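The values are calculated or read from the model by the stated rules, or taken from the named source; none is laboratory data. Just so it is clear, the model here is predicted, and its values are computed rather than measured. For neighbour counting, all protein chains shown are included, and Cβ atoms are generated from backbone atoms with ideal geometry for every residue, glycine included. These area figures cover heavy atoms from the full protein model, side chains too; ligands, DNA and RNA do not enter into them. Shrake-Rupley method; radii C 1.70, N 1.55, O 1.52, S 1.80 Å.
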Amino acid sequence: MCGIKSSEGKFDTCKFFILFSLFAIPFLIALEVIIQNNSNKFHFWFKYSVLFFLILFLFLFFISIIHMIVKKRIFNKHNVVHKFGVLFVVISYVLEIFSVINLVYYNEDFKRWLISSSIGSIHYKHIATSIYDEDTINEVIDSSFVDISEDIIPFEDIFYDDEIYANKYEEEILEREEGTLYKIIKVSGTTIGASYHYEGYMAVIYDPSKVRLAKSSGAGTFDGAYGETLSTISRKNDAIIAMNAGGFYDPNWNSNGGIPHGDVFINGILDSTYVRGMGDGGIIGFDKNHQLILSNMSTEEAIERGIRDAVDWGPFLIVDGNNQFKNVDYYTWACARTAIGQRADGIVLMLVIDGLQDHSKGASYADMAYIMEKYGAINAANLDGGTSTSMTVNHSYINSPWNGYVKTYRWLPNAWVVVE
């Protein structure tokens with residue numbers, strides 16, 4: 001039985017089937033048990049193929065045994081030790097199979113240990129789910145719970161000194177000293193669909209009524225209109241924080257930033273109107289209730305809606321909690337970007353990302369939407385980007401405005417400012 005050749009040195013088919021079946025049958029039995037406990041996970045052809053081969057190997061195994069007995073090649077009067085040795089191996093083999101099945105499926109202690117040990121593991125959870133059906137797993141898990149309700153301390157007796165936040169982004173937003181009007185968060189990440197690194201800043205404004213639109217002293221739709229740098233607009237309005245806002249008419253990419261695109265509302269009054277600069281998007285601004293409004297509305301509709309301060313730009317990134325770029329998982333154009341958003345609690349988020357520089361390649365629309373979504377914005381929109389992207393705190397730039405070659409402070413027609 002130790003080889004697969006007969007005494008004449010020829011290949012012995014019966015011995016081959018017996019030896020091979022000793023390895024194949026346990027594997028097929030285990031596989032069949034798994035299939036029976038998880039039948040909905042396997043195709044019917046696979047189920048019946050396994051069952052067919054299991055029956056085939058069992059048949060060949062016993063036929064080979066019977067054949068060798070009949071031919072007196074196992075049990076013969078000349079080798080009593082050999083007779084009992086073979087019988088012992090066969091009986092041990094059968095008992096081993098049934099012992100394993102009994103241990104795994106009928107020993108409650110082992111079953112409880114195997115399920116409880118593997119089901120809570122990330123890497124080995126499949127062990128329990130492959131061997132046992134869902135009802136068995138749930139039964140074991142339910143039996144593992146111990147009722148300790150009498151020992152639980154009532155909630156009113158527990159005192160918490162620390163605030164509990166949903167995630168790190170909520171903590172970054174909400175953790176602040178009492179009475180603080182704003183905070184600055186450093187933002188960084190990797191461009192969606194590429195390995196480009198970006199960096200920037202988010203200004204968190206806790207009182208939306210303090211966010212206003214300010215304009216350059218010379219901005220308008222008249223001849224000779226001109227823009228001003230963000231730091232100049234910030235100083236003239238005594239702003240704590242300032243960030244560039246809408247786009248402007250820029251012939252030959254060499255404009256002085258004096259003529260803003262679209263409708264511009266300041267303090268509830270239509271300040272100027274010019275051809276739209278973006279094919280998508282629309283009004284981006286606050287109404288008299290300090291709610292951020294994103295809508296492709298006409299001038300008349302904006303007036304009726306009670307728009308307080310607004311520019312016309314885009315695209316919209318998040319609308320009523322729906323990320324407009326959530327299905328974008330590939331790389332799109334990345335550059336310096338500016339965006340504004342608002343959370344459900346009214347907190348305003350002002351975001352700038354540097355672009356086309358060593359420290360920051362830039363962000364795409366999808367990146368900006370993703371950042372705003374992480375920090376809880378339910379409405380958010382893209383503003384003018386590129387060299388215009390800039391933010392100041394107490395009139396000093398905190399980001400790095402860039403024209404593709406050198407640091408540049410561009411002339412702008414208007415800016416979002418935060419004033420006390």
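See the values below:
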item: Within the stretch 298-319, tally of residues that are in a helix (DSSP H, G or I) and open to solvent by less than 10 Å² (accessible area, probe 1.4 Å); result: 1
item: Residues satisfying the stated conditions in the stretch 240-280, i.e. open to solvent by 30 Å² or more (accessible area, probe 1.4 Å), closer than 25 Å to Pro208 by Cα and assigned to a loop (DSSP other than H, G, I, E, B); result: Asn267, Gly268
item: Pick from the stretch 281-297, criterion touching an Asp or Glu at 6+ places or on another chain (Cβ under 8 Å) and part of a strand (DSSP E or B), ranking: most open to solvent (accessible area, probe 1.4 Å); result: Ser295
item: Identity of the residue in the stretch 400-417, part of a strand (DSSP E or B) and modelled with pLDDT of 95 or more, that ends up surrounded by the fewest Cβ atoms within 10 Å (Cβ to Cβ); result: Val417
item: Selection within the stretch 180-207 - of a type in the set (A, V, I, L, M) and either within 13 Å of Asp354 (Cβ to Cβ) or open to solvent by less than 50 Å² (accessible area, probe 1.4 Å) (or both); result: Leu181, Ile185, Val187, Ile192, Ala194, Met202, Ala203, Val204, Ile205
item: Condition met for Tyr370 (over 20 Å from Ala239 (Cα atoms), at pLDDT below 95 and of a type in the set (Ser, Thr, Tyr)); result: no
item: Filter result for Asn394 (open to solvent by less than 30 Å² (accessible area, probe 1.4 Å) and among the polar types (S, T, N, Q)); result: no
item: Candidates Ser255, Ser234, Ser216 - the one that is at pLDDT 95 or above and touching a Phe, Trp or Tyr at 6+ places or on another chain (Cβ under 9 Å); result: Ser216
item: Members of the stretch 208-230 found to be among the β-branched types (Val, Ile, Thr) and either within 20 Å of His395 (Cα to Cα) or open to solvent by less than 10 Å² (accessible area, probe 1.4 Å) (or both), listed by number; result: Val211, Thr229
item: Qualifying residue in the stretch 192-203 (condition: of a type in the set (A, V, I, L, M), in contact (Cβ under 8 Å) with a residue 12 or more places away in the chain, within 26 Å of Asn267 (Cβ to Cβ) and not in a strand (DSSP E or B)); result: no
item: Subset tally (residues that are surrounded by fewer than 17 Cβ atoms within 10 Å (Cβ to Cβ) and either touching a residue at least 40 places away in the same chain (Cβ under 8 Å) or basic (Lys, Arg) (or both)) for the stretch 320-377; result: 12
